[in-house]
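Asker: Quick one: this structure, given as structure tokens, is what I'll be asking you about.
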Amino acid sequence: MTALEVRDLYKSFGEIRAVDGLDFTVNRGDIYGLLGVNGSGKSTTIRLLLHLIAPDRGRMVISGIPVNGRNLELRRKMGALIERPDFYNYLSAYKNLEILLKYSGLRPDRRLIRETLQRVGLEKFGDKKVRIFSQGMRQRLGIAQAMIHDPELIILDEPANGLDPHGMVDIRNLILRLNREYGKTIILSSHMLREIEMIANRMLIIDGGKAVAEGTVSELLQSYESRLRLQVSDVNKACALLEEAGYEPVEPTDGNEIRCRVKVEEVPAVTRLLVEKNISVYAVVPEKSLEEYFISLT
Amino acid sequence: MMGILIHIELEKLFRRGRSYIPVLAVLVIIGVIQVGMMLDGVSLIDFVSENLQEVFILEGNLLNGYLIAFISINGLWIHVPILVVIVTGDMISGEAGAGTFRMVLSRPVSRTRLILAKFLTAMVYVAMLVALLAVLSLGLGILFFGKGDIIVMFESINILPEEILMGRFLMAFLFGMLGMWLVAALSFVFSALAENSLSPIILTMAIIILFTIVSGFEINIFQTIRPYLFTTHMNNWQSFFDFELDWNRIGRSAGVLVLHILAFIAATLVIFRKKDITT
């Protein structure tokens, strides 16, 4: 089932076209990654989805309901952390969540607020004013406010910003739990490609407001021809064989290693070719990553 | 939902330190006036009434609580507007600048209702500030200086007897409150346009000062536009200190102020409903 459908979406700020004919679909239950360099249009897309800014043109449908300024009830189904988490600094974390629950049209349930603070690891800081919070604590509180009203679709814009390695693991596990245990559909925007690679099942790569690639993470990686590092018994012979078979460029490196550019599905053929010619293969190390793929596209 | 929104806005307003600056300022202003009049009030009265005493025989307690309240209410045209816009000018732009609109407006909250709730909250706050000014200036004035008649000189010399003064002051403060609601409404227009706290405060005060100067100049061209400036009508709290109340004039001014408030709030709604939340 479709959770979100975006068609032909455009938004300009003066002369600058921030979103340029974007099309994508998020299925219910997806963890959908939005990837792009700074200024690529990710945050503008998220603001458009929440109707914080109005599109110049295009159509956005969430759970079958069109996104526009009139469909307020739609926002009950959505929770979002957009860019940096900003709060009422003069209020406590607890009070901020209480107020945001009221804005959502829900009764401020003391137990729910305490539980949510606990889920993001802020149970000891609920009564402290947000003014004293570190960036990491604000980020956790930002995620708490995005999920406290039990939305179907959670949009997290750079949720790992400002978090230490432990915090990043905690948030990653929380996102996975929200998705797997509570069935939440999650849109995750990040420039930390490793994060997306680790938890997203589908993703969209945006550049200059345009979609440059969309699909499952494995599909996108498979289509990408990347480097393979091979440890072999005879470097010169292996290089000659691979070049003869059309794998170029083949570069000998230090010791008994060579590098060549191959597609993922061709790895078995490469190793078979070497072994059949009595060249021992000690290790096959793919050097490709989503990051490399991303850089090649943007 | 409107009730909930007003409750939230009131809670935010009264939990902010900034909201207490005007309260503190009113306390200081009233305190300074009271102490000043205690120390040197008699010589001030003698100096001001010197010319009158050549024509009239003035008897009784001229330095009284009503006179203190009258001096305090004169501040309604300049220092109370500053105190009002410090708080109301920040109510929209402060949230835009702080980035909290991103969270609030991604929830099922209508922009129109949010602005109306904010303005009703601003009205409550302004009413409380003017009430504080009235209670302190009248209460402390009467407590320390007692009651008595007052002599008021605007377009004519009016000697107002003690018996009618409490009612006149209450009406004047209520009219002053209407003027301060207008100041709040004007600051909302600039607040909806800005994304920082300072611009709406400066722009609102600049307009009030400019209009006040223009309406005070005795030049023909300025005299022509004077009836159309809201500052002219804001100053009509003075009408409550005429011996005979001119209800037509008061009613017309009150109507002009109400129309301005409605126009400013409508403009705020148009701006805010179309505003892209980019901060």
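The values are calculated or read from the model by the stated rules, or taken from the named source; none is laboratory data. Please read these numbers as outputs of a predicted model, since none were measured by experiment. Here Cβ is always computed from backbone atoms with ideal geometry, including for glycine, and neighbour counts include all displayed protein chains.
Residues are listed down the side, and each one gets a yes or a no for (1) in contact with a Ser or Thr (Cβ under 6 Å, 6 or more places away or on another chain); (2) of a type in the set (A, V, I, L, M):
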{"position": "B:82", "(1), (2)": "no, yes"}
{"position": "B:108", "(1), (2)": "no, no"}
{"position": "B:117", "(1), (2)": "no, yes"}
{"position": "B:122", "(1), (2)": "yes, yes"}
{"position": "B:159", "(1), (2)": "no, yes"}
{"position": "B:170", "(1), (2)": "no, yes"}
{"position": "B:176", "(1), (2)": "no, no"}
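Asker: For the stretch B:3-27, how many residues meet the condition of being within 12 Å of another protein chain (Cβ to nearest Cβ), aliphatic (A, V, I, L, M) and closer than 13 Å to residue B:87 by Cβ?
Answerer: Selection size over the stretch B:3-27: 2.
Asker: Return the only residue of B:224, B:278 being within 14 Å of another protein chain (Cβ to nearest Cβ), over 22 Å from the mean Cα position of the chain (by Cα) and modelled with pLDDT under 85.
Answerer: B:278
Asker: Is there any pair linking a residue in the stretch A:19-43 that is touching a residue at least 12 places away in the same chain (Cβ under 8 Å) to one that is among the aromatic types (Phe, Trp, Tyr) and assigned to a strand (DSSP E or B), with Cβ under 7 Å and at least six apart or on different chains, and which?
Answerer: If the second residue must be among the aromatic types (Phe, Trp, Tyr) and assigned to a strand (DSSP E or B), the pairs left are A:19/A:10; A:20/A:10; A:21/A:10; A:26/A:32.
Asker: Scan B:194, B:185, B:122, B:96 and give me the residue that is more than 17 Å from residue B:73 (Cα to Cα), of a type in the set (Gly, Ala, Ser) and within 14 Å of chain A (Cβ to nearest Cβ).
Answerer: Unique residue meeting the criteria: B:96.
Asker: Could you tell me whether the stretch B:141-159 includes any residue that is in contact with a helix residue (DSSP H, G or I) (Cβ under 6 Å, 6 or more places away or on another chain), within 14 Å of chain A (Cβ to nearest Cβ) and among the aliphatic types (A, V, I, L, M)?
Answerer: No, the stretch B:141-159 has no match at all.
Asker: Return only the number of the condition from (1) more than 8 Å from every other protein chain (Cβ to nearest Cβ); (2) of a type in the set (A, V, I, L, M); (3) farther than 30 Å from residue B:14 by Cβ; (4) surrounded by fewer than 18 Cβ atoms within 10 Å (Cβ to Cβ) that residue A:54 does not satisfy.
Answerer: Failing condition for residue A:54: (1).
Asker: Quick check on my filter: what residues within the stretch A:55-96 are assigned to a loop (DSSP other than H, G, I, E, B), at pLDDT 90 or above and among the aliphatic types (A, V, I, L, M)?
Answerer: Listed by number, the list holds a single entry, A:91.
Asker: Quickly run through the stretch B:190-212 and pick out the residues that are under 17 Å from the mean Cα position of the chain (by Cα) and among the aliphatic types (A, V, I, L, M).
Answerer: B:201, B:202, B:203, B:205, B:206, B:207, B:208, B:209, B:210
Asker: Can you tell me which residue is surrounded by the most Cβ atoms within 10 Å (Cβ to Cβ) among those in the stretch A:132-147 that are hydrophobic (A, V, I, L, M, F, W, C) and without any contact (Cβ under 8 Å) to a residue 60 or more places away in the chain?
Answerer: A:144
Asker: Quick one: in the stretch A:69-113, of everything that is within 19 Å of residue B:117 (Cβ to Cβ) and hydrophobic (A, V, I, L, M, F, W, C), which residue is nearest to the other protein chains (Cβ to nearest Cβ)?
Answerer: Looking at the filtered set, the residue picked out is A:72.
Asker: For the stretch A:123-141, check the following and say yes or no: at least one residue is of a type in the set (Val, Ile, Thr), more than 19 Å from the chain's Cα centre (by Cα) and farther than 26 Å from residue A:29 by Cβ.
Answerer: Looking for residues that are of a type in the set (Val, Ile, Thr), more than 19 Å from the chain's Cα centre (by Cα) and farther than 26 Å from residue A:29 by Cβ, one finds at least one in the stretch A:123-141, hence yes.
Asker: Exactly one condition in (1) buried (at least 16 other Cβ atoms within 10 Å of the Cβ); (2) over 30 Å from residue A:10 (Cβ atoms); (3) in contact (Cβ under 8 Å) with a residue 60 or more places away in the chain is false for residue A:194; which is it?
Answerer: Result: residue A:194 fails condition (1) only.
Asker: Anything in the stretch B:234-279 that is part of a helix (DSSP H, G or I) and of a type in the set (D, E, K, R)? List them, or say none.
Answerer: B:249, B:252, B:273, B:274
Asker: Just to be sure I understand the filter: pairs with C-beta atoms under 8 Å, separated by 6 or more residues or on different chains, first member in the stretch B:89-101 and more than 19 Å from residue B:120 (Cβ to Cβ), second member of a type in the set (S, T, N, Q) and at pLDDT below 95. Which pairs pass?
Answerer: Correct list of pairs: B:96/B:279; B:97/B:196; B:97/B:197; B:97/B:279; B:98/A:89; B:99/B:279.
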